[in-house]
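Have a look at the structure below before the remarks.
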Amino acid sequence: MSASLPGRAGRILEFLWSGWAGLAALFLLAALWQAGHEAYGPFILTSPQDTLAAVARLAGDPASWALAGLTLQRAITGFAVVAAAGTALGLIAGYSPATLRLARPLITVLMGVPPIAWIVLAMIWFGGSDATVRTVIVVSALPVVFLGAAQGIATRDRSLDRMAQAFGAGPVRRFLVIGLRQTTTTLFPALALALGTAFKVAVMAELLANAGGIGGALANARINLDIATALAWVVIAVGLLIAVEYALVHPVKAEIDRWRRAAQPWGVKR
Amino acid sequence: MSILALKAIEHAYLGRSVLSGIDLRIDAGEIVALVGPSGCGKSTLAHVAAGLIAPKSGRLSRGYERHAMIFQDPSLMPWATASQNIALGLRLARVPRTMRGARVAEAAAQAELQPGDLDKYPVELSGGMRQRVAIARALAVQPDFIFFDEPFTALDVALRRRMQDLVIGTCSEAGLAGLFITHDLHEAARVAHRVAVLDTYGRGILGSRALPGAPAERSDSAVQDWVRAALAGDPLFRHIHDVDERRIA
Ligand SMILES: Nc1ncnc2c1ncn2[C@@H]1O[C@H](COP(=O)(O)OP(=O)(O)O)[C@@H](O)[C@H]1O
Ligand SMILES: [Mg+2]
């Protein structure tokens, strides 16, 4: 189905509109930041302008690109493992209530362990390497994705299953045509959440495990009491996350939620 | 020659018997209405007959090529447009993509859907339009047998009448056979050639009565007279409006 031209124009306008709102919020944040800077001085909080200058300085240095690239690679590969394993396990658990019942308490235990404890364990097992960071990402983000996938299958609309069966669909086609698509309503928010978690946990694990990347750079900035560089790295980390969200998450979400928007154009109920 | 035959069919859910001793035969080109109070096992019977659930015992023989089913709620995929929903049966039957468009358009026209509605999502359609989409989805697979499971119960009276006319028209035109489940005797008398009554506790088909003439030619007054006579004098229909909440699914 090709989307109609006015429909597409409407979506672009809507996108710009949401961008406008985002920009307004960013400037509000910058204003508060500036106020904080003026109240506490440059040693506590560098001004937004100086921070941006520090970002520009880092952006001119190929070494910082390598650092950011390392963190990005770790976060994305960790997320890929989480997405693949969590979705597969969750789908199985969704179809098998016994498995889900067994998995629930395990998940509760897993989620109860503080991430910092995992970092310590992973450091002991793998030292300051990619594996440490990925392990911590997997352990912190897997439960969310697992539950998202399992929930989607377990709460699916069974009347649709019955309907597809009446039209001659076997179990596999029912899963591919009906089940999988219904799962996206809970799986997709879980994946988006996991992606954000992957980034944050990657930076944290790098910092604590002294594993290089943005986290390592933050640790160095702390040692040198270089608040401008530290803030610059924070800005870069947030910027990376936002870039990935807009490149990856939003386009998929727009496609999945097309039918929801049909009922509520411009986010307002007709 | 019967196109669908159930012999001594029995079914139980979790050990609780729902159907037993069911004998029913439907001839080619014949629409049989199945009536009975809520919870007596009508849907279960249809699901067994359509092969959605395996009966505990009994014999089932089907002489038709392809069936379709229309449910009480339209059971549309909310994420797909009306035309994608109509095409689902074709997709599942592995009809090539290039041939689906024409079949969808034809079925939509039969169900009196406007071409402009085909690109809409179910949330944008009214209840009646959604049920039309479900009807078009059933017609698109070009079935020679249709199961109707109380398809119009959720619609208001005027809309229900138009939908019944649609069913009567398309079935008589194509000579389709079908099992039309309803708990409304008046609806049964409009759309069917014959009305069968299921026992309140699912213990067999109590009997069936042929209706005068073909559904397409039957006048409203003939329908009303028949229903009045059936409810007043025919012991077969004495219990069809009984309700036992405990048995309603
Ligand atoms: N999936 C199920 N599991 C257990 N009991 C069921 C199930 N479906 C229906 N029943 C029971 O079987 C009986 C017949 O149900 P049903 O065939 O839906 O009746 P009807 O369609 O005539 O209203 C009801 O008592 C209902 O509670
Ligand atoms: Mg029913």
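Hey, can you tell me all the residues within segment B:6-19 that are surrounded by fewer than 21 Cβ atoms within 10 Å (Cβ to Cβ) and either within 15 Å of ligand 1 (Cβ to nearest atom) or within 15 Å of B:Arg194 (Cα to Cα) (or both)? So that I can check it myself, show each step before the final result.
At the first step, the residues of segment B:6-19 found to be surrounded by fewer than 21 Cβ atoms within 10 Å (Cβ to Cβ) are B:7-8, B:10, B:12-17.
If the condition is that a residue be surrounded by fewer than 21 Cβ atoms within 10 Å (Cβ to Cβ) and either within 15 Å of ligand 1 (Cβ to nearest atom) or within 15 Å of B:Arg194 (Cα to Cα) (or both), then B:Glu10, B:Ala12, B:Tyr13, B:Leu14, B:Gly15, B:Arg16, B:Ser17 are the ones that fit.
Looking only at residues that are among the acidic types (Asp, Glu), within 13 Å of chain A (Cβ to nearest Cβ) and more than 16 Å from the chain's Cα centre (by Cα) in segment B:108-158, which one is farthest from B:Cys171 (Cα to Cα)?
Applying the filter and picking the extreme gives B:Glu124.
Only one of B:Thr200, B:Thr182, B:Thr170 is within 20 Å of the chain's Cα centre (by Cα), hydroxyl-bearing (Ser, Thr, Tyr) and away from ligand 2 (no atom under 16 Å from the Cβ); which?
Working: B:Thr200 fails: away from ligand 2 (no atom under 16 Å from the Cβ); B:Thr182 fails: away from ligand 2 (no atom under 16 Å from the Cβ).
Exactly one residue qualifies, and that residue is B:Thr170.
All but one of (1) in contact with an Asp or Glu (Cβ under 7 Å, 6 or more places away or on another chain); (2) away from every other protein chain (no Cβ under 12 Å) hold for B:Pro96; state the number of the condition that does not hold.
Exception for B:Pro96: condition (1).
Going by what's in this entry, would B:Gly29 be described as of a type in the set (Gly, Ala, Ser), away from ligand 1 (no atom under 15 Å from the Cβ) and part of a loop (DSSP other than H, G, I, E, B)?
Values: of a type in the set (Gly, Ala, Ser): yes; away from ligand 1 (no atom under 15 Å from the Cβ): yes; part of a loop (DSSP other than H, G, I, E, B): yes.
Considered against the rule, which asks whether it is of a type in the set (Gly, Ala, Ser), away from ligand 1 (no atom under 15 Å from the Cβ) and part of a loop (DSSP other than H, G, I, E, B), B:Gly29 comes out as yes.
I'd like to know if segment B:47-54 contains one or more residues that are surrounded by fewer than 22 Cβ atoms within 10 Å (Cβ to Cβ), away from ligand 2 (no atom under 16 Å from the Cβ) and more than 10 Å from chain A (Cβ to nearest Cβ).
yes
Kindly provide the set of residues from segment A:46-85 that are charged (D, E, K, R) and crowded, with 19+ Cβ neighbours inside 10 Å, ordered by number.
Residues of segment A:46-85 charged (D, E, K, R): A:50, A:57, A:61, A:74.
Within segment A:46-85, just A:Arg74 meets the criteria.
Given the conditions (1) closer than 25 Å to A:Ala263 by Cα; (2) surrounded by fewer than 23 Cβ atoms within 10 Å (Cβ to Cβ); (3) within 16 Å of ligand 1 (Cβ to nearest atom); (4) of a type in the set (A, V, I, L, M, F, W, C), and given that B:Phe152 satisfies all but one, which numbered condition is not satisfied?
With respect to (1) closer than 25 Å to A:Ala263 by Cα; (2) surrounded by fewer than 23 Cβ atoms within 10 Å (Cβ to Cβ); (3) within 16 Å of ligand 1 (Cβ to nearest atom); (4) of a type in the set (A, V, I, L, M, F, W, C), B:Phe152 is out only on (2).
Give B:Ile86, B:Ile22, B:Ile26 a once-over and let me know the one that is more than 16 Å from ligand 2 (Cβ to nearest atom), away from every other protein chain (no Cβ under 14 Å), surrounded by 23 or more Cβ atoms within 10 Å (Cβ to Cβ) and modelled with pLDDT of 95 or more. Spell out how you get there, then give the answer.
Numbers: B:Ile86 fails: away from every other protein chain (no Cβ under 14 Å); B:Ile22 fails: more than 16 Å from ligand 2 (Cβ to nearest atom).
Result: B:Ile26 is the single residue among B:Ile86, B:Ile22, B:Ile26 that is more than 16 Å from ligand 2 (Cβ to nearest atom), away from every other protein chain (no Cβ under 14 Å), surrounded by 23 or more Cβ atoms within 10 Å (Cβ to Cβ) and modelled with pLDDT of 95 or more.
Answer yes if at least one residue in segment B:98-111 is modelled with pLDDT of 95 or more, buried (at least 22 other Cβ atoms within 10 Å of the Cβ) and within 16 Å of ligand 1 (Cβ to nearest atom), and no otherwise.
No, segment B:98-111 contains no residue that is modelled with pLDDT of 95 or more, buried (at least 22 other Cβ atoms within 10 Å of the Cβ) and within 16 Å of ligand 1 (Cβ to nearest atom).
The values are calculated or read from the model by the stated rules, or taken from the named source; none is laboratory data. What you are looking at is a predicted structure, and each value in this text was computed from that prediction instead of being measured. Virtual Cβ from ideal backbone geometry, glycine too; neighbours counted across all protein chains shown.
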